[in-house]
Amino acid sequence: MNNSQQSAARPGARGTERSLARRAELIAIGRKLFADTSYDALSMDDIARQAHVAKGLIYYYFHSKRGYYLAIIQDSVAGLVAFAAGGVELPPAERVHRTVDSYLRYAEHNQAAYRTIVSGGVGFDAEVHAVRDGVREAIVATIAEGAYGTADITPVARMGLLSWVCSVEGATLDWIDRPGLPRETMCELLVKTLGGAMRAIEELDPAYPAPEPARRDT
């Protein structure tokens, strides 16, 4: 099949690409809007006006304001998890350090998205909370795989890592709101507190020894 035949066989391909790009653009706009204003304070008219689009376009892609907000959170979560989950070839301690550094880099360079994930303005919404719980579990799994070689860990180990992740969220929000502490220093601080959590896990469950600290270049 030649190129013209392939194009004819996929008449909607270009339109689909444009549609996906437009949807991604609306999500990027929504991240900034919901990062600066609470969910309840923004009407669909407000969103359309500030996004400089017709309200019907948002309904077309997302069906409702809640659907729009959930799409923003889900997209932000996917970006954060993907950003933090690399470095599988590294030794355990180095991979843990890379995961923490990548997490902070994401928060630093995607502040609106990070705020949306951690402290969005919906209030108590079971579906939104489930999405945000999902990113916590994904980060716990990433840390566990890096430190222990598996995400299938005992309740003690999971709770120890989860408590650390929850504390990191609050600390990272404060860090991006009050710049001044270099990312490298923030990363070292969080890695050291993670080391403390892992040593506590090891004391309670010796099957999960804390990784030896990675040697950092001086």
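Please treat every number below as a calculation from the coordinates, not as lab data. If you're wondering where the values come from, they're calculated on a predicted model, not measured in any experiment. Cβ coordinates were reconstructed from backbone atoms using ideal geometry, including for glycine residues, and neighbour counts include every protein chain displayed.
So the label point goes 7 Å from the Cα of ARG23 along Cα→C-beta, right? Which residues of the range 32-58 then have their backbone N under 14 Å from it?
58
Please state the Cα pair-distance histogram of the range 13-71 with 10 angstrom bins from zero: what percent is in each bin?
22, 60, 15, 3
Among 129-138, 26-35, what's the highest-first ranking by average C-beta atoms within 10 angstrom per residue?
Working: 129-138: 15.5, 26-35: 20.2.
The packing order, highest mean first, is 26-35, 129-138.
Using only alpha carbon positions, build the gyration tensor of the range 79-204, then give the equivalent ellipsoid semi-axes as the square roots of 5 times its eigenvalues, largest first, whole angstrom. Numbers along the way, then the final one.
On the way: eigenvalues 97, 65, 37 Å².
Here the semi-axes work out to 22, 18, 14 Å.
Evaluate E = 1/(1 + (r/R0)^6) for ALA54 and SER163, where r is the Cβ-Cβ distance and R0 equals 41 Å; express this FRET efficiency to the nearest 0.05.
On the way: r = 46 Å, r/R0 = 1.12.
Given R0 = 41 Å and the Cβ-Cβ separation, E is 0.35.
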